[in-house]
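The structure appears right after this line, and notes come after that.
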Amino acid sequence: MIQQTITISNKLGLHARASAKLSKLAASFPCEVWLARGSRRINAKSIMGVMMLAAGLDAQVVLETSGEQEQEAMQAIADLFADKFGEGE
Amino acid sequence: MRSLRPRLTGLQHVHFLPMNKILIIAHAPFAQALRACALHVFPDCAQQVQALDVPADEPCDKTFETACALAPAEEGGDLLVLTDVFGATPSNVAQRLLQHCAAKGVQVREVTGVNLPMLLRAICYASLPLHDLEQCALTGGQQGMFAVDFSTGAPVCTLLPAAAVSTESF
């Protein structure tokens, strides 16, 4: 199991479209993918779960991957956050 | 940093190949509005999600004909119909559609009380067997409703038992 704290850098935060991209990417890996904000921890393969975090710009979330391909999943998802979900701002 | 787009593009193929169709039937303009919201989030599901707005003054038979034209034409194409409120014309049309499709060997299920969480979740799980997809839609719709604590943004009140609303179960 590996963890990484990520600060959300896109203007709109984990809104619907960003959540869709994140959950799709997470679902493409065999490992478990969890995302937590404060005490709320959700399955990142679920769009509704990701949206439940209501995480906006500058919010800190903890990304956790566990199982087969956990390193690859962590890297790909961290890249997606860093890429601001392809939104440019 | 490497580009993410190739991976995301490939993934969409994984997600959107052998899919059940989803048809929203609702009072105008709710069905098309919901579809537009869903396409905003999932731009590549336009073929998979159809919407039928039912105008207040439209004859029921005409609505039924339009619904039939939107449903899969032959055996093997399964359909999940989402309607807004049970007992109203859109839902009544959906039930006629269910009988019409069953006669042709097309599997159809109807879930009523459609909302955006239900639709988004249904799209995510559209590749599941129809019965499982129906359950996913129900869960998404019910768990998408809760009162929100304005100070924390946390869910504070729900119609479901507390054990059923764990965010992990979404």
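The values are calculated or read from the model by the stated rules, or taken from the named source; none is laboratory data. Fair warning: this is a prediction, and the values are worked out from it, not measured in the lab. Neighbour counts are summed over all protein chains in view; Cβ atoms, including those assigned to glycine, are modelled from backbone coordinates with ideal geometry. Protein only, heavy atoms only, side chains kept; ligands, DNA and RNA dropped before computing areas. Shrake-Rupley method; radii C 1.70, N 1.55, O 1.52, S 1.80 Å.
Given a Förster radius of 22 Å and the C-beta distance between B:V148 and A:Q60 as r, what FRET efficiency does 1/(1 + (r/R0)^6) yield to the nearest 0.05?
Details: r = 21 Å, r/R0 = 0.95.
Calculated value: 0.60.
Taking all protein chains in place and a 1.4 Å probe, what share, in percent, of the accessible surface of chain A do carbon and sulfur account for? Don't skip to the answer; put the middle values down first.
Working: 1650 of 3650 Å².
Roughly 45 percent, rounded to a whole number.
Expressed as a whole percentage, what fraction of the accessible surface of the range B:11-120 belongs to carbon and sulfur atoms when a 1.4 Å probe is rolled over the protein heavy atoms?
Numbers: 2960 of 5120 Å².
Of all accessible area on the range B:11-120, carbon and sulfur atoms account for 58 percent.
Extension gain B:D44-B:C68, at 0.36 nm per residue separation less the Cα-Cα distance, in nm? If you can, show how the numbers build up before the last one.
Numbers: separation 24, 0.36 × 24 = 8.64 nm, distance 2.36 nm.
Taking B:D44 through B:C68 to full extension adds about 6.3 nm, to one decimal.
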Taking a probe of 1.4 Å and leaving out DNA, RNA and ligands, the range A:1-88 shows per residue an accessible area in Å² of 40 Å²
For chain A, take the longest principal axis of its alpha carbons; what is the angle in degrees between that and the long axis of helix A:70-82, to the nearest 10 within 0 to 90?
10 degrees
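Throw me the Rg/Rh for the protein assembly as shown, computed over C-alpha atoms with Kirkwood Rh, two decimals. All intermediate terms of the calculation are to be shown ahead of the outcome.
On the way: Rg = 19.3 Å, Rh = 19.3 Å.
Result: Rg/Rh = 1.00.
Using a 1.4 Å probe on protein heavy atoms only, how many Å² of accessible area do B and A hide from each other, summed over both chains and rounded to 100? Spell out each step's value before the answer.
Details: alone 9770 and 4820 Å², together 12230 Å².
The summed interface area works out to 2400 Å².
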For chain A, longest principal axis from Cα atoms; helix A:16-27 axis from its Cα atoms; angle between them, nearest 10 degrees, is 10 degrees
Efficiency by 1/(1 + (r/R0)^6): what FRET value for B:A33 and A:M1, r their Cβ-Cβ distance, R0 = 41 Å, to the nearest 0.05?
0.45
For the protein assembly as shown, please report how many Lys pairs fall under 17 Å Cα to Cα, leaving out neighbours fewer than 8 apart on the same chain.
7
If you consider only alpha-carbon coordinates, what radius of gyration and Dmax does the range A:1-42 have, in Å?
11.1, 30
Over all Cα pairs of chain A, the Kirkwood radius sets Rh, and Rg/Rh then becomes 0.92
Is any residue of the range A:44-61 close enough, with backbone N under 18 Å, to a label point placed 7 angstrom from the Cα of B:Q135 along the Cα-Cβ axis, and if so, which?
A:46
Whole-Hz Karplus ³J(HN,Hα) for the range B:134-150, in order, using 6.51 cos²θ - 1.76 cosθ + 1.60 and θ = phi - 60°, x for Gly and Pro?
4, 5, 4, 4, 4, 4, x, x, 6, 7, x, 10, 6, 7, 10, 6, 5
